[in-house]
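These notes are about the structure you will find just below.
The values are calculated or read from the model by the stated rules, or taken from the named source; none is laboratory data. For clarity, every value in this text was computed on a predicted model and none was experimentally measured. Don't worry about glycine lacking a Cβ; one is built from the backbone with ideal geometry, like all the others, and counts go over all protein chains shown. Just so you know, the surface numbers come from the protein's heavy atoms only, side chains and all, with ligands and any DNA or RNA stripped out. Shrake-Rupley method; radii C 1.70, N 1.55, O 1.52, S 1.80 Å.
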Amino acid sequence: MKKFKTLFVTTLLATATSSLVYANTPEQQFQQGIEAYKKQDYHQAVKWYQKAAEQGNAKAQFYLGYMYSTGQGVKQDYHQAVKWYQKAAEQGNANAQYNLGVMYADGQGVKQDYHQAVKWYQKAAEQGVAVAQSNLGVMYDNGHGVKQDYHQAVKWYQQAAEQGNANAQSNLGVMYANGRGVRQDKSKAKDYFGLACDNGEQVGCDNYRILNRGR
């Protein structure tokens, strides 16, 4: 079963600096937004992200897009989310590139467009974002927005799996079990299903049990 992961917000929240007295630069304004978010004052967070985002701070643009996509501190608005993700993504922000890919894949705030989804997943995947690598593998596996290519699917599943992505581990197990893009190898399939199961992926657990029963 091939699944997409959804939007995510980075771990910057856990590493934010202490409160700033002044917020004159976009980076300081962004940090003020982080501090407000940590206090669950989402309206203030949006205010500071907006200030920094309008001055071109890519991290703030990403976070502002996230706030709009989730409706935190602001009315949920997928069109605004796409707008800010796009600005951050064009500056090379990998998380924004991934989230923009999700928006295009799901048709949220934009017309569903698998070609655009592949484009942005690819950019994020090349920067090492595991969930983007996994989703890109799914696109190649299913032939969505790109010519179906099991070898490419395996390539991206492998990269994500090596980073511990459970969905990619499970999907890679399927590829080995069925001999798609790789030589069929039930032992490797079971190994990847086991890893996925250990990481909480129920499909991996189910497939591991099936292989264990020799089915």
- line: Among chymotrypsin sites (Phe, Trp or Tyr not before Pro) in the range 70-163, those in a DSSP loop whose Cβ has at most 14 other Cβ atoms within 10 Å are none
field: In Å², nearest 10: area of SER69 left accessible to a 1.4 Å probe
entry: 10 Å²
query: Kirkwood Rh, the chain, all Cα pairs: how many Å?
result: 18.2 Å
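From largest accessible area down, sort ASP141, ASP41; use a 1.4 Å probe on the protein chains. Display every interim value, and only then the final one.
Working: ASP141 5, ASP41 65 Å².
Result of the area sort, largest leading: ASP41, ASP141.
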query: Once the piece of chain linking ASP185 and GLN76 is laid out straight, how much longer is it, given 0.36 nm per residue of separation minus the C-alpha distance between them?
result: 34.6 nm
statement: Pseudo-spin-label distance ARG213 to ASP113, built 7 Å along Cα→Cβ, given in nm, is 4.6 nm
query: Say the cut-off is 31 Å between C-alpha atoms; which of LYS38/LYS87; LYS38/LYS75; LYS59/LYS111; LYS39/LYS75; LYS59/LYS147 go over it?
result: LYS59/LYS147
statement: Rounded to the nearest 0.05, FRET efficiency between GLN148 and ASN178 (Cβ-Cβ, R0 25 Å) equals 0.95
query: Out of the range 171-211, which trypsin sites (Lys or Arg not before Pro) are coil in DSSP terms and have no more than 16 other C-beta atoms within 10 Å?
result: ARG180, ARG183
query: Once the Cα gyration tensor of the range 104-215 is diagonalised, what are the square roots of 5 times its eigenvalues, in whole Å and ordered largest first, as equivalent ellipsoid semi-axes?
result: 26, 14, 12
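Rounded if a/c is under 1.5, else prolate if a/b beats b/c, else oblate: with a ≥ b ≥ c from the C-alpha gyration tensor eigenvalues square-rooted, which is the range 175-215? Can you show the working numbers first?
Working: a/c = 2.29, a/b = 1.47, b/c = 1.56.
It comes out oblate by the Cα gyration axes.
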Rounded if a/c under 1.5, otherwise prolate or oblate - the range 33-106, Cα gyration tensor axes: oblate
